[in-house]
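*Asks:* Structure below; questions to follow.
What follows draws every value from the coordinates through simple rules; no lab data is involved. Everything quoted here is computed from the prediction, not taken from an experiment. Every residue, glycine among them, receives a Cβ derived from its backbone with ideal geometry; neighbour counts consider all protein chains shown.
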Amino acid sequence: MALNQTNKLVWIVETINRAGKITFEDLNRKWMDNVDLSGGEEMLKRTFHKWRDSIFNTFGLIIDCEKGGQYRYYISNTSDLHNGSIENWLLSTYSVSNSLVGCKSIKDRIILEDIPSGMEYLDSIIDAMKKNKMIHITYYNYWRGDTKQHYLMPLCVKLFHQRWYMVSKTWPTDYLTIFCLDRIKDLRLSSHTFEYPDDFSPEEYFNGCFGIITDENYPIQRVLLKVDVRQAHYLRDLPLLPSGAQKELEHTNSYSIFELQVRPSIDFQQELLCQGDSLEVLEPQWLRDEIARISKGIWEKNK
């Protein structure tokens, strides 16, 4: 689907969602006001109904119409706007794209984050995943400071902290390995195919993980965090973990206590340290001790 076409679908979703319920006449009026997308031309009703079908096929969202009264349109499954699906990610991405359309006159006032170079291999990896094709990669190792050839079965990709990662089985060992795309120096599709393993589930593989570290030496466990009142607002609006894995147990005027079900691996520990002294680990004791040990080491190096 063309970029401009997808942007139009996103605009319809956002406009209806913001309104809650809206008549076609009001929707059409707002559409014509958005000259960047509409060109000032009316939206034909048959075009709108065609786009309703496209919105369902693209984002899984259902636009229904009241059976009487003002015959207003609304999104009947708005809960799907808040899940972690690829459709919701696409919707969010194109929503940002819509906001940036026509912003050239103030481009020096919009500052974006740089995306690492691994994006250039994402299309090839996704193509290989669709066709279950093996891939050859040349991969740079930070610790050894050299490159190595790998022959892989790409199983899934995950975006974390502005970087794309790929989970693959290496051939011939079948060992599961995670590769960061921006460390790939070369990639070629193989002519050989593989069978996607029935016993592998990306969701289960990353279950309980904060990021991309799946170290089984850190079993999923209960972690209690005491957070000051100011930082607690951020943890509510932008949880460290998906819905269900993070709960607020106590809320006072000076602090909140959050319960997390998580693998407290190195990347999770680093995230806790980023919170500074606004956060205290209450449980488990070993994690509290580890955060204290690392903090003491930081203090010793910077005193």
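*Asks:* Please give the net charge around K169, taking every other residue with its beta carbon less than 14 angstrom from that of K169, where Lys and Arg add +1 and Asp and Glu add -1.
*Replies:* Working: positive: K133; negative: D174, E195, D198, D199.
Result for the neighbourhood of K169: -3.
*Asks:* Something else: Quick one: which of K131/K185; K107/K158; K30/K67 span more than 25 angstrom between C-alpha atoms?
*Replies:* Beyond 25 Å: K107/K158.
*Asks:* Determine the calculated [θ] at 222 nm for the chain from helices alone, applying -39500 (n - 2.57) to every DSSP H run no shorter than 4 residues and normalising by the residue count; nearest 500 deg cm²/dmol.
*Replies:* -11500 deg cm²/dmol
*Asks:* Please list, ordered by chain and number, the residues whose modelled amide H lies under 5 Å from the amide H of S190; skip anything fewer than 5 residues away on the same chain.
*Replies:* M134, I135, H136
*Asks:* I would also like to ask the following. Please list 3J(HN,Hα) in residue order for the range 290-303, calculated via the Karplus relation 6.51 cos²θ - 1.76 cosθ + 1.60 where θ = phi - 60°; whole Hz, with x for glycine and proline.
*Replies:* So the J values, rounded to whole Hz, are 5, 5, 5, 5, 5, 4, 5, x, 5, 5, 5, 6, 10, 6.
*Asks:* At 7 Å along Cα-to-Cβ for each site, give me the label-to-label distance between T177 and N132 in nm.
*Replies:* Reported label-point gap for T177 and N132 is 2.3 nm.
*Asks:* Straight-line reach only, C-alpha to C-alpha below 21 angstrom: list the lysines that K303 could link to, leaving out same-chain residues fewer than 8 apart.
*Replies:* Candidates past the 8-residue exclusion: nothing left.
*Asks:* To test your reading of the geometry: what angle, between 0 and 90 degrees and rounded to tens, separates the Cα axis of helix 24-33 from the longest principal axis of the chain?
*Replies:* Roughly 70 degrees, rounded to the nearest 10.
*Asks:* At a Cα cut-off below 13 Å, give the aspartates and glutamates reachable from K226, other chains included and same-chain residues fewer than 8 away excluded.
*Replies:* Within the straight-line limit of under 13 Å, K226 reaches these aspartates and glutamates: E248, E250, E259, D277, E280, E283.
*Asks:* Rounded to the nearest 10 degrees, what's the angle between the helix 119-131 long axis and the longest principal axis of the chain, both from Cα atoms, 0 to 90?
*Replies:* Result, in degrees: 80.
*Asks:* Okay, next question. Specify the inter-centroid distance of the range 207-282 and the range 1-30, based on alpha-carbon positions, in whole Å.
*Replies:* Here the answer is 37 Å between Cα centres.
*Asks:* Give me a comma-separated list of calculated 3J(HN,Hα) values for the range 141-157, in order, Karplus coefficients 6.51, -1.76, 1.60 applied at θ = phi - 60°, integers in Hz, x for any Gly or Pro.
*Replies:* My calculation for the range 141-157 gives 9, 4, 6, 8, x, 9, 10, 9, 8, 9, 10, 10, 10, x, 9, 7, 10 Hz in order.
*Asks:* Quick one, which of (i) 281; (ii) 255; (iii) 220 is the actual volume of the Cα convex hull per residue in Å³ calculated for this model?
*Replies:* It is the one labelled (iii).
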